[in-house]
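Participant: Below is the structure I would like to discuss, written out as structure tokens.
The values are calculated or read from the model by the stated rules, or taken from the named source; none is laboratory data. A quick note: this is a predicted structure, and the numbers were derived from the prediction, not measured. Don't worry about glycine lacking a Cβ; one is built from the backbone with ideal geometry, like all the others, and counts go over all protein chains shown. Just the protein is used for accessible areas: all its heavy atoms, side chains included, with ligands, DNA and RNA removed. Shrake-Rupley method; radii C 1.70, N 1.55, O 1.52, S 1.80 Å.
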Amino acid sequence: MITINEITIVRDGREIIYDYSEQIPAGSITAIVGPNGSGKSTLLAAIAGDIAPVKGTITIDDLHPILTSPAQLAQIRAVGIQNQSYTLGFTVQQIIELAGPAQDVMQALELTTLAGRQVTTLSGGEAQRVSIATAIAQKTPVLLLDEPLAAQDIGSRKRIIQLLQKLAEGGVTVVVVAHSEEADLTWADKVIKQFL
């Protein structure tokens, strides 16, 4: 379980999140929804341990991500960011294999035909699927994804959602930042709307 307890986050002198509390159940999909600039990605980064709240605490089970070593964090949570840009000339398969076993997740996200492509040549939607696949390949108990359905066609969206549901059924805690209307989020077990 992820517990967010009265956190306040300030970035560039501006209060992005104020005195916010939430519980995210284990083994489920939680979607954080809201418009651009509302603090959704900031909250995800704080859960990941990449941003420190100025007040309050975040725990993943009993661990405080911000106080946990990068090596230990990498075993607990994986992060897929939006607008992933690659500068090194690895292939799709090589990038995913750096995180963990690639074949199953590449098949699930229909990336096998791109396996030999240089990641620097991918479209935005393809790069986003590689970012998701890389996070999933880490096989961590917590999966944090920033707008994984952005730039995806209907078929890709469906495959991503089915894979996330399968992971949650297997006990993975999935937290997704979404820009969708709530009606589109019937696949999520919980929807956090404080950011609307």
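Participant: If a helix is a whole DSSP H run, which ones in the chain reach 18 Å or further along their own axis (Cα) and hold a mean Kyte-Doolittle hydropathy of at least -0.5?
Facilitator: 124-137, 154-169
Participant: Would you mind telling me the share, in percent, of accessible area of segment 1-62 contributed by carbon and sulfur at probe 1.4 angstrom?
Facilitator: Carbon and sulfur together cover 44 percent of it.
Participant: Moving on to the next point. First select every other residue whose beta carbon is under 12 angstrom from the beta carbon of Pro148; then total the charges, Lys and Arg +1, Asp and Glu -1.
Facilitator: Net charge around Pro148: +1.
Participant: Keeping all protein chains in place, calculate the accessible area per residue for segment 32-174 (probe 1.4 angstrom), answer in Å².
Facilitator: Solvent-accessible surface per residue comes out at 47 Å².
Participant: May I pose another question? Quick one: net charge of Ala26's neighbours, Cβ under 13 Å, K/R +1, D/E -1?
Facilitator: Computed value for this residue: -2.
Participant: In addition: Using +1 at the C-beta of Lys and Arg and -1 at the C-beta of Asp and Glu, which of Ala151, Tyr86, Leu67 has the Cα lying farthest in the positive direction of the dipole of the chain?
Facilitator: Tyr86
Participant: Translational D (Stokes-Einstein, µm²/s) of segment 34-157 at 10 °C and 1.306 mPa s when Rh comes from the Kirkwood sum over C-alpha pairs?
Facilitator: Rounded to a whole number, D works out at 103 µm²/s.
Participant: Let a ≥ b ≥ c be the square roots of the eigenvalues of the Cα gyration tensor of segment 113-152; is it rounded (a/c under 1.5), or, if not, prolate (a/b larger than b/c) or oblate?
Facilitator: oblate
Participant: From the residues Gln103, Ala133, Leu114, which one has its Cα farthest along the dipole of segment 1-147 in the positive direction, the dipole being from +1 and -1 charges on Cβ of Lys/Arg and Asp/Glu about the Cα centre?
Facilitator: Among Gln103, Ala133, Leu114, the one farthest towards the positive end of the dipole of segment 1-147 is Leu114.
Participant: Dipole magnitude of the chain about its Cα centre, charges +1 at Lys/Arg Cβ and -1 at Asp/Glu Cβ only, in debye to the nearest 20?
Facilitator: My answer is approximately 280 debye.
Participant: Once you sort the root eigenvalues of the Cα gyration tensor of segment 1-42 as a ≥ b ≥ c, which label holds: rounded (a/c under 1.5), prolate (a/b larger than b/c) or oblate (the other case)?
Facilitator: Oblate is the answer for segment 1-42, as a/c is 1.5 or above yet b/c matches or exceeds a/b.
Participant: Answer rounded, prolate or oblate for segment 1-89, using the Cα gyration tensor with square roots of eigenvalues a ≥ b ≥ c: rounded when a/c is under 1.5, else prolate when a/b is larger than b/c, else oblate.
Facilitator: Rounded is the answer for segment 1-89, as its axis ratio a/c remains below 1.5.
Participant: Determine the percent antiparallel among the DSSP beta bridges restricted to segment 49-196, to the nearest 5.
Facilitator: 20 percent
Participant: Oh, and also: To the nearest 10 square angstrom, what accessible area does Val33 show with a 1.4 Å probe?
Facilitator: Number for this one is 0 Å².
Participant: Given R₀ = 35 Å, FRET efficiency for Leu63-Ser38 by Cβ-Cβ distance, to 0.05?
Facilitator: 0.85
Participant: Additional query: Between Arg159 and Tyr86, what FRET efficiency follows from the Cβ-Cβ distance if R0 is 25 Å, with the result rounded to 0.05?
Facilitator: So, using R0 = 25 Å, E works out to roughly 0.70.
Participant: Can you work out the FRET efficiency for the pair Asp50 and Ala150, with r the C-beta to C-beta distance and R0 = 22 Å, to the nearest 0.05?
Facilitator: 0.65
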